[in-house]
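To start, the structure under review is shown below, and the notes come after it.
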Ligand SMILES: N[C@@H](CCC(=O)N[C@@H](CS)C(=O)NCC(=O)O)C(=O)O
């Protein structure tokens, strides 16, 4: 299995989840501007969509989209999902929210210009993150257990820190608890990604 990623991009969520789940996998970084992988492959030949994450399964099949990859990881690693009969559905609900309502609204922050769009995205992000803070059921989103949703949420919280988007204390504590985890530290160190702070 191989994960194609870019340092500090949303693919870090998948990288962390694979590491938390003790999967055996390889990594290859992608230059998103040039669409070239570290070994010099045209990234479009790996993932015609041209964006990370892209996971090549042991079967050779390509899996894309954070929600699908994280759901697949959770189905393979019971420690990252919830046993409750509604558990998978609730995690998918959270993943969809993180993808549509958080990740999408961070996109303007990564591009120069259009300050108006950035300001409006920031206002939406504050509202959406506040709502998420109100959903926390314990130390992590669903209580005491880390799930794939926390892995995805962490990346959003790191971006919030880097782009100075204010977040409630509960989410800051969740971020710091995640950052204390050996798997999270290992994944971030492997990507050689330095956040802005
Ligand atoms: N819908 C995709 C979006 C992934 C995405 O936006 N990836 C960004 C990095 S965070 C990327 O590779 N951007 C480069 C590009 O779109 O050219 C998903 O959720 O997996």
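Is the range 118-127 home to any residue that is over 17 Å from the mean Cα position of the chain (by Cα), on the phi < 0 side of the Ramachandran plot, within 16 Å of the ligand (Cβ to nearest atom) and part of a helix (DSSP H, G or I)? Don't jump to the end; show me each part of the working.
Within the range 118-127, the first condition is being over 17 Å from the mean Cα position of the chain (by Cα), and the residues that meet it are 118-124, 126-127.
Next cut, on the phi < 0 side of the Ramachandran plot only: 118-124, 126-127.
If we keep only those that are within 16 Å of the ligand (Cβ to nearest atom) as well, we get 121.
With part of a helix (DSSP H, G or I) added as a condition, the list becomes 121.
Scanning the range 118-127 turns up at least one residue that is over 17 Å from the mean Cα position of the chain (by Cα), on the phi < 0 side of the Ramachandran plot, within 16 Å of the ligand (Cβ to nearest atom) and part of a helix (DSSP H, G or I).
Would you mention how many residues in the range 28-41 are under 18 Å from residue 191 (Cα atoms), more than 12 Å from the ligand (Cβ to nearest atom) and surrounded by 13 or more Cβ atoms within 10 Å (Cβ to Cβ)?
3
Are any residues in the range 42-81 crowded, with 20+ Cβ neighbours inside 10 Å and away from the ligand (no atom under 16 Å from the Cβ), and if so, which ones?
If the condition is that a residue be crowded, with 20+ Cβ neighbours inside 10 Å and away from the ligand (no atom under 16 Å from the Cβ), then 80, 81 are the ones that fit.
Any residue that is over 14 Å from the mean Cα position of the chain (by Cα) and more than 10 Å from the ligand (Cβ to nearest atom) - is there at least one of those in the range 13-22?
Looking only at the range 13-22, we keep the residues that are over 14 Å from the mean Cα position of the chain (by Cα), and these are 21-22.
Among the residues that remain, those that are also more than 10 Å from the ligand (Cβ to nearest atom) are: 21-22.
Among the residues of the range 13-22, at least one is over 14 Å from the mean Cα position of the chain (by Cα) and more than 10 Å from the ligand (Cβ to nearest atom), which makes the answer yes.
Where a number appears in this text, it was derived from the coordinates with a stated rule and is not lab data. In this text the structure is predicted, and so the values were computed from the model without any measurement. Cβ sites come from the backbone with ideal geometry, for glycine too, and all protein chains shown count toward neighbours.
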